[in-house]
Amino acid sequence: MKTTFGWLKTHLETDATLDVIVGKLAMLGLEVESVEDRAKPLAPFVVGRVLEAKRHPDADKLQLCLVDTGREKVEVVCGAPNARAGMLGVFAPPGAVIPRTGQALKASKIRGVVSNGMLCSGYELMLSEDHEGIIELPEGLRPGESFVKAAGLDDPVLDVKVTPNRADCLSVRGLARDLAAAGLGKLAPLDAAPVAGSFPCPIAVHLAGPDDKACPLFLGRLVRGLKNGPSPAWLQERLAAIGLRPISALVDITNFLTFDLGRPLHVFDAGKLEGDLAVRGARSGETLGALNGKTYELDSGMTVIADANGVLSLGGVIGGESSGCTATTTDVFIEVALFDPLRTATTGRKLGLQSDARYRFERGLDPEFVRPSLEIATRLILELCGGRPSEIRVSGAVPSWRRTIRFRPDRVRSLGGLEVAASEQRRILHALGCAAHETGDHFNVEPPSWRADIEGEACLVEEVLRVHGYDAIPAESLSRDGAVPAPALTPAQRRAGMVRRTLAACGLIEAVSFSFLALKEAALFGGGDAKLKLMNPISSDLDVMRPSILPNLLAAVRRNADRGLPDIALFELGPRYRDDTPEGQDLVAGGVRAGAVRRKTWDEPARPASVFDAKTDALAALAAAGVAAESVQLEAAAPGWYHPGRSGTLRQGPKVLATFGEIHPAVLRAMAVEGPTAGFEVALDAVPEPRAKGAARPLLKLSSFQPVSRDFAFVVDADVPAETLLRAARGVDKKLIAEVRLFDLYQGRGLPAGKKSLAIGVTLQPTETTLTDAEIEGFSAKLVAAVEKATGGTLRK
């Protein structure tokens, strides 16, 4: 919302400076995004009088003008056809920067004659698009006087950011009203006295839908015998200051009232109307040639104003070119109406059409200001264009808007943290236009017609606080338990961050997907519960909360493969949903690897993603979350969406920490994913909390003694998990053993049927003395005995 400082003061009687007003608007919740000083780039330009203008000796279309600049008389070469002796123009001395080009002006020879400055056009000063001639200033100005001051361009332009709920502040008067309520002056009275009609209005208006809300009220009035010429300078200057191009008096009046009073209206050339008007829904196949030069196809959900020949305008959005006013217009029909905000917004979005009228109608207008705005518009038209007005034609009625809100003054303290006397609260509410009647311990408050955003007691608390001043709310320090501030992140948040960084370091790319997906995909991963279906999905194929992160990642794999990227590794940290309760939402780190995890080279073939890649990623995520690989148990079972023979579960006792494996071929087919794909999910909420606060991490102790490595191979039953063998080996001497690693699996010739050979490497790290051969042999015997007891196997000879 733009306005000039001077324009604002036509509605606000105040001596406050610009800086004070800008600061107060910010405290009222109306942020001033910018204050444009239009005078600054035009400061060097002055009024100059052309004393004589004679033909250039070497150019037919150039003139030599002798210009009185107030300080001296200089010769200027000028090509403008309207340059003549006696006229007042805008003189730019050497050194001035021309706004249009950004170049500094220099004294230079033009066809052999030195030009000591320049007489400027409105185009060169970026004040208009007129570059056919130089600016002609009215008489009464003195040569040398500042052009900025003479043209009224020393009025700063304020650009105010208005929140969507404050439709009442989308006008200069609305801003002035808020400032007056805050004690920064007095709101100037508004002359909305009725203008008597001299004849009945011959044009009737019929409200024909599409429904009762489309247009509840329509007022119209005919003005005959007017003359539509250029608007006066004050009106053109105000419109130009806020970025609007002056067109003609009639059009400029409608634009002016839109910004001055926040009341869009429209004028039709009555000579181009056929019969009465109807406000109705658009019909199939109808189009509108709009005032912006574009043609729009309409549908039945759009409200139009039409005559016997067809559509004239889109209600609340834009007028039509066929009934637009021109310089030949002598009779106009003024339309002031209320249009449904929802339908107006929908129409604008469908057509991709934004206008100042739509911007205000879709936020809601003052229903009681329809008739006063028509009287004000009539008076302006009569003043600027002349003519005779008809009586007002009224269709419909003002919709019901009155409401009473129970307001307890002590709620300002309980909700806003500020003590404000009840009498002051009542004064503020009255200043904002509310009617407040005291009843016992509360007020019955009736908001004004222009404040549709005030819906309840909390809204009134906000109004009192912002007008009284947010800066009056006392600052209170938060209580501290100690001198050292608490950590910014919780242990769970730090754990999630570590998992995210670890998975990225493992070569996976983080993805972010919706927390919902299609029902048919959810069913593949154990989901689809009716309680998890969305009542209002953003898309028909995103209608249920996800039971797992994997389906969304698999969908991303498919999209990448369709674009020529079949080898990809993705992960995501996010929620999955077991039911519709808060407890049924789990934070999960999930990932997938698809295609080749290692591309083929001259010495190695390509290696596709497998269960072991998923297991490695899951163990890495658990390690980052603080769970050591040695503390989890591996179970060769997993949910049904994994391959039954190539998947597993990682547990700590009965608690499931992670699942991993290759994705079931049937699931891959259902999701149109080709090639080998493995995935995992780590339940971060199931990971045990870190040790109690205050427990110190053990010191790192590095041994100065040589480590010793020994390899052992055991023949065990084929169904014995390798984890059982590894756990037994690690338990022989936890202080001495640094690492136990499985490095070979063999089944086949040389072994009995139903048997397999598992080979492990054991690293011993002494800390007190070098191990002797006898100690190593003794350890080896203990390890063999422990493994044989745990697995029922034997040492392979």
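The values are calculated or read from the model by the stated rules, or taken from the named source; none is laboratory data. Here the structure is a predicted model, which is why all the values come from computation and not from measurement. Don't worry about glycine lacking a Cβ; one is built from the backbone with ideal geometry, like all the others, and counts go over all protein chains shown. Heads up: the accessible areas ignore ligands, DNA and RNA and are worked out on the full protein's heavy atoms, side chains in. Shrake-Rupley method; radii C 1.70, N 1.55, O 1.52, S 1.80 Å.
Assorted remarks:
- Check on R593, basic (K, R), at pLDDT 95 or above and either part of a strand (DSSP E or B) or open to solvent by 70 Å² or more (accessible area, probe 1.4 Å) (or both): yes
- Members of the range 485-519 that are open to solvent by 40 Å² or more (accessible area, probe 1.4 Å), in contact with a helix residue (DSSP H, G or I) (Cβ under 8 Å, 6 or more places away or on another chain) and not in a loop (DSSP other than H, G, I, E, B): A492, M498, R501, E510
- Candidates L137, L119, L153, L88 - the one that is under 14 Å from C65 (Cα atoms) and out of contact with any Pro (no Cβ under 9 Å at 6 or more places or on another chain): L119
- Residue list for the range 617-638, restricted to those being over 20 Å from T724 (Cβ atoms) and either open to solvent by 40 Å² or more (accessible area, probe 1.4 Å) or over 41 Å from the mean Cα position of the chain (by Cα) (or both): A623, G626
- Each residue in the range 716-752 was checked for being loosely packed, with under 14 Cβ neighbours inside 10 Å, of a type in the set (G, A, S) and farther than 17 Å from T791 by Cα, and 2 pass.
- Looking at the range 258-347, the strands (runs of 3 or more DSSP E) lying wholly inside it that each contain 1 or more residues that are in contact with a Gly (Cβ under 9 Å, 6 or more places away or on another chain) and in contact (Cβ under 8 Å) with a residue 60 or more places away in the chain sit at 266-269, 277-281, 303-307, 332-338.
- Taking every residue in the range 639-653 that is touching a residue at least 24 places away in the same chain (Cβ under 8 Å) and pairing it with any residue that is among the polar types (S, T, N, Q) and open to solvent by 40 Å² or more (accessible area, probe 1.4 Å), at least 6 positions away or on another chain, the pairs with Cβ-Cβ distances below 9 Å are L650/Q633; Q652/S631; Q652/Q633.
- Of all the listed residues (L261, L250, L239), the sole one being surrounded by fewer than 21 Cβ atoms within 10 Å (Cβ to Cβ), among the hydrophobic types (A, V, I, L, M, F, W, C) and more than 25 Å from A208 (Cα to Cα) is L239.
- Qualifying residues in the range 103-153 (those that are touching a Lys or Arg at 6+ places or on another chain (Cβ under 6 Å) and of a type in the set (A, V, I, L, M)) - the one least open to solvent (accessible area, probe 1.4 Å): L153
- Some residue of the range 501-509 being among the polar types (S, T, N, Q), under 30 Å from V557 (Cα atoms) and over 30 Å from the mean Cα position of the chain (by Cα): yes
- Of all the listed residues (V715, V762, V732, V740), the sole one being in contact (Cβ under 8 Å) with a residue 60 or more places away in the chain and either of a type in the set (G, A, S) or under 27 Å from L650 (Cα atoms) (or both) is V715.
- Members of the range 442-454 found to be within 25 Å of the chain's Cα centre (by Cα) and open to solvent by 10 Å² or more (accessible area, probe 1.4 Å), listed by number: A452, D453
- In the range 169-209, the residue that is farthest from L465 (Cα to Cα) out of those that are within 39 Å of the chain's Cα centre (by Cα) and either in a strand (DSSP E or B) or of a type in the set (S, T, N, Q) (or both) is L207.
- Residues (under 22 Å from D340 (Cα atoms), open to solvent by 30 Å² or more (accessible area, probe 1.4 Å) and not in a loop (DSSP other than H, G, I, E, B)) located in the range 366-415: E368, F369, R371, P372, R393, V394, G396
- Against the test of being out of contact with any strand residue (DSSP E or B) (no Cβ under 6 Å at 6 or more places or on another chain), over 30 Å from L244 (Cβ atoms) and open to solvent by 60 Å² or more (accessible area, probe 1.4 Å), the options P41, P57 yield a single qualifying residue, P57.
- Residues in the range 753-786 that are open to solvent by less than 20 Å² (accessible area, probe 1.4 Å) and assigned to a strand (DSSP E or B): S757, L758, A759, I760, G761, V762, L764.
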